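Note sheet for the following structure.
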Amino acid sequence: MKVKLKIGDKDIIAKINDSAAAKDFISLLPLTLPVEDFGGREKICYLPRKLSTKGAPSGCDPDVGDVTYYAPWGNLAIFYKDYGYSNGLIALGKIESGIEALNVSGNVKMTIEIVK
């Protein structure tokens, strides 16, 4: 399954995996959420509820373009810079195109919807 993340007039396309957390994320769509920069390496936004973590590994080592869920805080985290292993981080998918749309400063709104 693919999703489109829209920031301003720019689109990001991401392929979402088949995990329980990813399926739960998809069930929330469409969403429009405020997005903020975190640590100069990722954009984060808080989902309306926590996602299922059933069967999820204890953490992951995200790469540039990874779409993840940080279970302890209940937020989506989209990485535009590499980062090391983090407990509680669950991979949801990978950006296929448009990652440059994350190159914005300050807080912005992002709309996330399923690509049909």
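Laboratory data are not the source of any read-out in this text; all were calculated from the coordinates shown. Please read all numbers here as calculations on a predicted model, not as lab measurements. No Cβ is skipped: glycine too gets one built from the backbone with ideal geometry, and neighbour counts run over all protein chains shown.
So the values come out like this:
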read-out	value
Residues (within 15 Å of Asn103 (Cβ to Cβ) and surrounded by 15 or more Cβ atoms within 10 Å (Cβ to Cβ)) located in the stretch 7-37	Ile7, Ile12, Val35, Asp37
Long-range neighbours under 7 Å by Cβ, at least six apart or interchain, first residue more than 11 Å from Asp66 (Cβ to Cβ) within the stretch 83-96, second part of a loop (DSSP other than H, G, I, E, B)	Gly84/Asp61; Tyr85/Asp61; Asn87/Ser58; Gly88/Ala71; Gly88/Pro72
Of residues in the stretch 51-72 being not in a loop (DSSP other than H, G, I, E, B) and not aliphatic (A, V, I, L, M), the one surrounded by the fewest Cβ atoms within 10 Å (Cβ to Cβ)	Gly59
Out of Tyr80, Tyr70, sole residue that is farther than 19 Å from Glu100 by Cβ and not small (Gly, Ala, Ser)	Tyr70
Those residues of the stretch 73-116 which are in a helix (DSSP H, G or I) and surrounded by fewer than 12 Cβ atoms within 10 Å (Cβ to Cβ), in sequence order	Glu100
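Yes/no matrix, rows are residues, columns are (1) under 19 Å from Ile114 (Cα atoms); (2) not polar (S, T, N, Q):
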{"site": "Lys4", "(1), (2)": "yes, yes"}
{"site": "Ile13", "(1), (2)": "yes, yes"}
{"site": "Ala21", "(1), (2)": "yes, yes"}
{"site": "Ser27", "(1), (2)": "yes, no"}
{"site": "Leu31", "(1), (2)": "yes, yes"}
{"site": "Val35", "(1), (2)": "yes, yes"}
{"site": "Leu47", "(1), (2)": "yes, yes"}
{"site": "Thr53", "(1), (2)": "no, no"}
